[in-house]
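Novice: Okay, handing you the structure first.
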Amino acid sequence: MQTQDVLADRHLVITGFTGFVAKVLVGMLLEEVPRIGRITLLVRPRGRLRPARRRVEEALETSPVFRTLRAQHGAGLAAWLSARIDAIDADLEQPGCGMSAEARARLASTDVLVHCAGLTDFAPDPLKALSANVAGAANAATLAEELGVPLVHVSTCYVAGNVGTAEVPETLTPGRAPSGAPLQVGAETRALQLACRRAASVEERINIGTARAQALGFPNIYTYTKSLAEHLLAQRTELDCTIVRPSIVECARQRPFPGWNEGLNTAGPLAWLISTPFRRLPTVPEHTFDVVPVDDVACGLAAITAAALTGRAGGVFQLASSDHNPFTFDRAVELTGLGMRRWTRRAGRPIDRGLLAHLDPIPVALDAQGPFEVRRLGRLARHLGRALRADQRADWVPSGVERALGPTLDRVGTAIDDVRGSLDRVEQMLELFQPFIHDNDWTFHTVRARELTAHEEVFRFDLSDLSWRDYWVDVEYPGLRTWCIPILEGERIQGDPPLRPRLQLGNPPAEVRVASK
């Protein structure tokens, strides 16, 4: 039975719609499952003027994900969507998911809850990460139990932690951290909260959270709190739960269109780094860079959700590429250089075409970065900037030269300070990404997802047919330049123009409030 047949007439509740993966999932379900019963989106309101419904309407009318639907339905879009989409004010970090009794009644016919929401920053305030990733998962689980429906929880492959070189099976060992130490969710959460509440600043809390994460074998606060959520769900023995772990989610290869991306993903900052004069990426060339296009993740997630509805899921599914179509860092760096040259020939500035296009990026060992190692350049820039300060120049600049060249030296000092700031940013990025691009070589098993979807016509998960050269040069790199790198350079990505008149969803039909189970 195909996924679209299983999902016909079903009521799906989905969290995290304003994020990257959930938005693509919803768009794909609306396009590919014409008989979908209903999709209810639990969305946090942003003040009185932007309740959940308004936020959903804004996404539906301006996100590029929904261009095809807008073109297909034209003036009838609002009526068509109103028959399929509901939006509820919710705060998953609050008991009862922060919903009103009236909103809760609209969930009576729910068949499955897909929990995509979470905080994905690598180094957030750990108190916020606990609230979003751990408390949010616990409250979603409670809601699923009260509704009597399966929970499909979206996690990350990188809960595997710092393992060096290792095969990562589709399993979860409750109560055990990657370091081998015991991991008791309640005790660990309370200890982290207590330590953070004694901290004097957010920065100190981040340092505390990072230290606890690394002591247990996790790369960062994000993977630490996502793992805590998995272990918490494993304790809920009455819960029908399936955990879905994507690896590094990147640009769509086909849907909604090639290259679509949103926000900042792992490859975006790395592509930005080696698209600047900094070209020596400290990584291990033969290590695997586990990337998966967002539409492949959405396909797998939809099929796993259908399987959860028919009793064929449970446990852990990983959505990754490293076990059946590995992509190594030397190949990624090489193809990023090729994509960059093509991009600069077509759309780059004159300085890009004349200089940067001829500087090939190369992977280098962490301990063999040579004279252009970022920390060394940063120290040099700091020394030069300090020496060029007006109050320091009197020690080495003759008074006559100071009178003649003072303004010029001020400008040079300012320019060096700007360079130092850029180098500091590069250094911070490299430190943040080091576990993913240098320290570990994960191979994530994906047998369950590929076997589950082997006969799917639409919602198939298998990257065996993906040409990394074609995808990275013609899809990923242009997508990053369009949708991600401008954010790193301080620009704002514009959505599609709002519809005129503005899209307004109607109230859900009365029949969807009657349980379909």
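The values are calculated or read from the model by the stated rules, or taken from the named source; none is laboratory data. Quick caveat, the model's predicted, so the values are computed rather than measured. FYI the Cβ positions are ideal-geometry reconstructions off the backbone, even for glycines, and counts take in every protein chain you see.
Novice: Limited to the stretch 311-337, what total is found for residues that are touching a helix residue (DSSP H, G or I) at 6+ places or on another chain (Cβ under 7 Å), closer than 12 Å to Ala449 by Cα and either modelled with pLDDT under 95 or of a type in the set (A, V, I, L, M, F, W, C) (or both)?
Specialist: Result for the stretch 311-337: 4.
Novice: Which of the residues belonging to the stretch 278-314 are over 19 Å from Thr110 (Cβ atoms) and either polar (S, T, N, Q) or in a helix (DSSP H, G or I) (or both)?
Specialist: Thr283, Thr288, Val294, Asp295, Asp296, Val297, Ala298, Cys299, Gly300, Ala303, listed by residue number.
Per-residue answers, yes or no, for (1) touching a Lys or Arg at 6+ places or on another chain (Cβ under 9 Å); (2) farther than 29 Å from Arg198 by Cα; (3) of a type outside the set (Gly, Ala, Ser):
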position: Asp86; (1), (2), (3): yes, yes, yes
position: Ala90; (1), (2), (3): yes, yes, no
position: Gln94; (1), (2), (3): no, no, yes
position: Ala108; (1), (2), (3): yes, yes, no
position: Asp111; (1), (2), (3): yes, yes, yes
position: Ala135; (1), (2), (3): no, no, no
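Novice: Moving to a separate point now. The conditions are (1) more than 23 Å from Phe327 (Cβ to Cβ); (2) aliphatic (A, V, I, L, M); (3) not in a helix (DSSP H, G or I), and Val244 fails exactly one of them. Which is it?
Specialist: Among (1) more than 23 Å from Phe327 (Cβ to Cβ); (2) aliphatic (A, V, I, L, M); (3) not in a helix (DSSP H, G or I), the lone unmet condition for Val244 is (1).
Novice: Here is a further query. Can you give me the number of residues within the stretch 283-310 that are of a type in the set (Ser, Thr, Tyr), in contact with a helix residue (DSSP H, G or I) (Cβ under 7 Å, 6 or more places away or on another chain), surrounded by 24 or more Cβ atoms within 10 Å (Cβ to Cβ) and over 23 Å from Ala267 (Cβ atoms)?
Specialist: Counting residues in the stretch 283-310 that are of a type in the set (Ser, Thr, Tyr), in contact with a helix residue (DSSP H, G or I) (Cβ under 7 Å, 6 or more places away or on another chain), surrounded by 24 or more Cβ atoms within 10 Å (Cβ to Cβ) and over 23 Å from Ala267 (Cβ atoms) gives 0.
Novice: Any idea how many residues of the stretch 122-148 are farther than 17 Å from Val43 by Cα, of a type in the set (A, V, I, L, M, F, W, C) and crowded, with 22+ Cβ neighbours inside 10 Å?
Specialist: So the count comes out to 3.
Novice: I need the full set of residues from the stretch 166-224 which are outside any helix (DSSP H, G or I), within 24 Å of the chain's Cα centre (by Cα) and surrounded by 17 or more Cβ atoms within 10 Å (Cβ to Cβ), in order please.
Specialist: Those that are outside any helix (DSSP H, G or I), within 24 Å of the chain's Cα centre (by Cα) and surrounded by 17 or more Cβ atoms within 10 Å (Cβ to Cβ): Val168, Glu170, Leu172, Ala177, Pro178, Leu216, Gly217, Phe218, Pro219, Asn220.
Novice: If Ala510 satisfies every condition in (1) modelled with pLDDT under 80; (2) of a type outside the set (S, T, N, Q); (3) more than 20 Å from Ala87 (Cα to Cα) but one, which is the exception?
Specialist: It is condition (3) that Ala510 fails.
Novice: Also: Just one of Val6, Val21 is part of a helix (DSSP H, G or I), closer than 18 Å to Asp296 by Cβ and β-branched (Val, Ile, Thr); which is it?
Specialist: Numbers: Val6 fails: closer than 18 Å to Asp296 by Cβ.
Answer to the selection: Val21.
Novice: Please count how many residues of the stretch 429-454 are among the hydroxyl-bearing types (Ser, Thr, Tyr) and in contact with a His (Cβ under 7 Å, 6 or more places away or on another chain).
Specialist: Qualifying residue count for the region: 1.
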